[in-house]
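Q: Have a look at this one.
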2 protein chains.
Amino acid sequence: MPGYKPGDKVEIETVDGKYTGILMERPELADDKHVVIKLESGYNVGISLDRIREIKKIEARIKRERFRLKRHKRDPSKRDISILATGGTIASRVDYITGGVHSAFSAEELISAVPELEEIANIQGRQIFNKFSENIIPEDWIKIARTTASEIKKGVDGIVITHGTDTMGYTSAALAFMLKTPVPVVLTGAQRSSDRGSSDAPLNLIHSAIVASKADLSEVVVVMHGEISDSFSLIHPGTRVRKLHTSRRDAFRTVNSRPLGRVSMKGIEFLREPKSDNKLKLDTKLEERVFLLKYFPGLNPEVIDNLVELGYNGIVIEGTGLGHTSELLFERIKDAIDSGVFIAMTSQTIFGRVNMNVYSTGRILQDIGVIPCEDMLSETAYVKLMWCLGHTKKPERLREMMLTNYAGEITERSRIE
Amino acid sequence: MPGYKPGDKVEIETVDGKYTGILMERPELADDKHVVIKLESGYNVGISLDRIREIKKIEARIKRERFRLKRHKRDPSKRDISILATGGTIASRVDYITGGVHSAFSAEELISAVPELEEIANIQGRQIFNKFSENIIPEDWIKIARTTASEIKKGVDGIVITHGTDTMGYTSAALAFMLKTPVPVVLTGAQRSSDRGSSDAPLNLIHSAIVASKADLSEVVVVMHGEISDSFSLIHPGTRVRKLHTSRRDAFRTVNSRPLGRVSMKGIEFLREPKSDNKLKLDTKLEERVFLLKYFPGLNPEVIDNLVELGYNGIVIEGTGLGHTSELLFERIKDAIDSGVFIAMTSQTIFGRVNMNVYSTGRILQDIGVIPCEDMLSETAYVKLMWCLGHTKKPERLREMMLTNYAGEITERSRIE
């Protein structure tokens, strides 16, 4: 509707009566026959366009990107944390026409809906953007990293970033490489929208606020439900965490390492030593022309040439087993590397360490110049290759950087393995 | 060495003395300065070319692609099984120069090395080819399916296929779609080469032979170690199994379902009802221009156009969460579908079911024509799309086939979910 923006308060007169509420975003291309407004009761109603007689704007959209909760005065005995909102299910509600879920809550609404937060810390909030995380692009990682750094500079004791769950692992890895932080930086989200009784949003937020305000932790972590019931959440290292289920509340798991700890209403229990001494450093240099290529039987070698032609500077191959691809690709991989493209290898098994010394396949790939990514997650290796290529294009230095453990992404090989 | 083939029995006179043994394959591009022969003791030695004075061929390579073990006579009280060898670690040994592992054993050697097999069944063997499984291409799946069908026609009671572990899940899915089988078809392999004390090869072979000869089972399964010790193996459904660790002996897991059962020296224990009534049917039609595309933040939409230009007829997108990609891809995906390319969606979370009705992202993608692959593994969906496209290019029929449960690859949605 021209002249109206999502967030505007409107009065709509229909053939059946009047409705007053906030005009909601309708991102579906599929349905341009309804408008949806959120009533003061909190419910959304969809109104068919052909039933509308008149629309009046009562109040233009209130844009409050930055705010401080004011129900209580700042309590000097409590720590200060910033909650930075980026969208996702945690900021969503069910659409009662379609049964679908879409973005609805601002950071302020989201935080206001969980009064327990103010018992834990003094809360400030800020909306960075409002996106489902499948729409997040590397540029957004940089925005989040910059905003986080600027909040830390203002002197807060911890940061909570609310984020969609789909690509949270990629963002947490990106932040882990881009940010050295003196305070906890906690990403959290929800697998069920915040207006459902079964939502995991409130507890994930509360647990995240506990970690952000109370943990002696200077790194980027993800805090999400540790089991399907509302008992505890796990604190996952930012470069080691992966969404391993489409829908379960405990979908997030630490891979090839252990969670840093667990958090419940009783407090935080560390399972291993967290980092607790970092100076703030922001380093967002990123090379965007990097491709994450999952290998599969039948993958035509032409694809490698093609990525080179398209101007990619780096490729992470998610290979098979210990870090393999078909020998049919060797020549193209060699040509790509000879032409200046950096190629790194992870495994689609998810768990375990790449070892390219055992089989001839791996040894040849190493001889050609492929960099074995140790026990890094494919998603983390992809983000890391972007970040490393943002810093150097020299082969020796790039290899050295890829094999250096910057943010907990590599475990040193143990003898027992 | 011109004039000599791997498998030839040779006598090599060096500056230090004479060696007699079988000339081994040296697949490494890296090292053309040594030959390797297998001595009668079973050990491999590497001999530097510049130390060789003379080589004599004692016996040309004995090619025995088909054989029957003859140490015992056929025991009419036992069932007959065929062991079909395709290569992989199970048929490999350590190379004591490089520490690497490469192909060494023929089917006959492999089977002869496990005398327990003849206690279980009457064994015939056949070498289909000898490849590490990362080198297996869809054409090889067809070869394996055809050989398996022809063995079944000869009247054997069960089939064991030895195979590399890297892409075993893809092959088992392919065989499950291509073969209706009245007898057990069991794929097995090893995570440690057969000449090591710690090898899982003998027990995997023995357990597979037990399943092939004794189970009332008419489907394609994978039998591999169920835990790291040599206690039991799991019987995984062929379309549900995934290698989930680079190196552990119990790397194979059933995903989004339960194993069919477990097998140990005590016998078989079924955990759920296996299929036990099928007539032999071989249907190997396959469309090879299918791509498995893992989504990642920053994936440039140009890649979709590019795959269309390269002539791909199908793309399985391994999306995020419930089956999503960035909205930046929607237009290109729509163009691709409009131009006749079939696009199906799975999730990179591995576990859980795709549900494209919850979020606008999923609903739009469905409206555009993307086929949601329910709780199918990405690898299985890729193989299935190839197989379905081998049978129809009609959109309605293709969609119907993709959503039909042909080989246990889809579980009906339960209410509890």
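The values are calculated or read from the model by the stated rules, or taken from the named source; none is laboratory data. Everything quoted here is computed from the prediction, not taken from an experiment. In this analysis, Cβ positions are derived from the backbone assuming ideal geometry, glycine residues included, and neighbour counts consider all displayed protein chains.
Q: When the residues of the range B:370-387 are narrowed to those that are out of contact with any Ser or Thr (no Cβ under 9 Å at 6 or more places or on another chain) and assigned to a helix (DSSP H, G or I), which ends up nearest to B:Arg332 (Cα to Cα)?
A: B:Leu385
Q: Here's a follow-up. If you go through the range B:287-329, how many residues are in contact (Cβ under 8 Å) with a residue 40 or more places away in the chain, assigned to a loop (DSSP other than H, G, I, E, B) and under 22 Å from A:Val383 (Cβ atoms)?
A: 2
Q: I would also like to ask the following. Residue under question is A:Ile364, and the condition is that it be among the hydrophobic types (A, V, I, L, M, F, W, C), surrounded by fewer than 23 Cβ atoms within 10 Å (Cβ to Cβ), at the interface with chain B (Cβ under 8 Å from one of its Cβ atoms) and under 21 Å from A:Ile410 (Cβ atoms); does it hold?
A: Here the answer is no, as A:Ile364 does not meet what is asked.
Q: What number of residues within the range B:359-417 satisfy the criterion of being hydroxyl-bearing (Ser, Thr, Tyr) and touching a residue at least 24 places away in the same chain (Cβ under 8 Å)?
A: Of the residues in that region, 7 qualify.
Q: So, of the residues in the range B:230-278 that are among the acidic types (Asp, Glu) and in contact (Cβ under 8 Å) with a residue 12 or more places away in the chain, which turns out to be nearest to B:Leu187 (Cα to Cα)?
A: B:Asp250
Q: Additional query: Take the range B:367-399 and flag every residue that is within 10 Å of another protein chain (Cβ to nearest Cβ) and either surrounded by fewer than 24 Cβ atoms within 10 Å (Cβ to Cβ) or charged (D, E, K, R) (or both).
A: B:Asp367, B:Ile368, B:Asp375, B:Glu379
Matching residues to (1) assigned by TED's automatic domain parsing to the domain that holds A:Lys153; (2) within 26 Å of A:Lys33 (Cβ to Cβ); (3) of a type in the set (Ser, Thr, Tyr); (4) at pLDDT 85 or above:
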{"residue": "A:Asp75", "(1), (2), (3), (4)": "yes, no, no, yes"}
{"residue": "A:Gly88", "(1), (2), (3), (4)": "yes, no, no, yes"}
{"residue": "A:Gly99", "(1), (2), (3), (4)": "yes, yes, no, no"}
{"residue": "A:Ser106", "(1), (2), (3), (4)": "yes, no, yes, no"}
{"residue": "A:Ser112", "(1), (2), (3), (4)": "yes, no, yes, no"}
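Q: Here is a list: B:Phe342, B:Phe351. Which entry is out of contact with any Ser or Thr (no Cβ under 9 Å at 6 or more places or on another chain) and at pLDDT 95 or above?
A: From the options B:Phe342, B:Phe351, the qualifying one is B:Phe342.
Q: I've got another one for you. Of the residues that sit in the range A:400-415 and are surrounded by 13 or more Cβ atoms within 10 Å (Cβ to Cβ) and small (Gly, Ala, Ser), which one is farthest from A:Leu286 (Cα to Cα)?
A: A:Gly408
Q: Return the pair list, or none, for Cβ contacts closer than 6 Å from residues in the range B:189-205 that are in contact (Cβ under 8 Å) with a residue 60 or more places away in the chain and outside the structural domain of B:Tyr170 (by TED's automatic domain parsing) to residues that are surrounded by fewer than 24 Cβ atoms within 10 Å (Cβ to Cβ) and β-branched (Val, Ile, Thr), at least 6 apart or on different chains.
A: none
Q: Which one is farthest from the other protein chains (Cβ to nearest Cβ) among residues in the range B:109-125 that are crowded, with 23+ Cβ neighbours inside 10 Å and assigned to a helix (DSSP H, G or I)?
A: Residue satisfying both the conditions and the ranking: B:Leu117.
Q: Moving to a separate point now. Could you figure out which of (1) assigned to a loop (DSSP other than H, G, I, E, B); (2) modelled with pLDDT of 75 or more isn't true of A:Val36?
A: (1)
Q: Would you check if A:Thr349 is surrounded by fewer than 16 Cβ atoms within 10 Å (Cβ to Cβ) and either at the interface with chain B (Cβ under 9 Å from one of its Cβ atoms) or in a loop (DSSP other than H, G, I, E, B) (or both)?
A: no
Q: A further question follows. Testing A:Lys334 on (1) touching a Gly at 6+ places or on another chain (Cβ under 8 Å); (2) under 29 Å from B:Phe252 (Cα atoms); (3) of a type outside the set (A, V, I, L, M), one condition comes back false. Which one is that?
A: (2)
Q: Okay, moving on. When you look at B:Arg332, is it of a type outside the set (Ser, Thr, Tyr), more than 8 Å from chain A (Cβ to nearest Cβ), free of Cβ contacts under 8 Å to residues at least 40 places away in the same chain and more than 20 Å from B:Trp141 (Cβ to Cβ), yes or no?
A: Considered against the rule, which asks whether it is of a type outside the set (Ser, Thr, Tyr), more than 8 Å from chain A (Cβ to nearest Cβ), free of Cβ contacts under 8 Å to residues at least 40 places away in the same chain and more than 20 Å from B:Trp141 (Cβ to Cβ), B:Arg332 comes out as yes.
Q: For the range B:276-313, give me the residue count where each residue is more than 8 Å from chain A (Cβ to nearest Cβ), touching a Lys or Arg at 6+ places or on another chain (Cβ under 7 Å) and under 19 Å from B:Val370 (Cβ atoms).
A: Count: 5.
Q: Next question. Using the structure shown, decide if B:Arg272 is charged (D, E, K, R), within 26 Å of A:Arg248 (Cα to Cα), away from every other protein chain (no Cβ under 11 Å) and surrounded by fewer than 14 Cβ atoms within 10 Å (Cβ to Cβ).
A: So B:Arg272 passes the test.
Q: Further question on the same structure: When you look at B:Val341, is it among the aliphatic types (A, V, I, L, M) and away from chain A (no Cβ under 14 Å), yes or no?
A: The answer is yes for B:Val341.
Q: Right, something else. For A:Ser326, state whether it is at the interface with chain B (Cβ under 8 Å from one of its Cβ atoms) and among the small types (Gly, Ala, Ser).
A: Yes.
Q: So, one more: Please tell me if A:Thr392 is in a loop (DSSP other than H, G, I, E, B) and not assigned by TED's automatic domain parsing to the domain that holds A:Lys243.
A: Taking the combined requirement at face value, the residue satisfies it.
Q: While we're looking at this one, here's another question. Of all residues in the range B:227-264 being polar (S, T, N, Q) and not in a loop (DSSP other than H, G, I, E, B), which is nearest to B:Thr167 (Cα to Cα)?
A: The residue in question is B:Thr254.
Q: Of all the residues that make up the range A:148-205, how many are of a type in the set (Gly, Ala, Ser) and within 17 Å of the chain's Cα centre (by Cα)?
A: Residues meeting the conditions: 11.
Yes/no matrix, rows are residues, columns are (1) surrounded by fewer than 19 Cβ atoms within 10 Å (Cβ to Cβ); (2) farther than 30 Å from B:Tyr170 by Cα; (3) not assigned by TED's automatic domain parsing to the domain that holds A:Lys180:
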position: A:His245; (1), (2), (3): no, no, no
position: A:Phe252; (1), (2), (3): no, no, no
position: A:Val255; (1), (2), (3): no, no, no
position: A:Gly261; (1), (2), (3): no, yes, no
position: A:Lys266; (1), (2), (3): yes, yes, no
position: A:Asp277; (1), (2), (3): yes, yes, no
position: A:Ile304; (1), (2), (3): no, no, yes
position: A:Gly311; (1), (2), (3): yes, yes, yes
position: A:Thr320; (1), (2), (3): no, no, yes
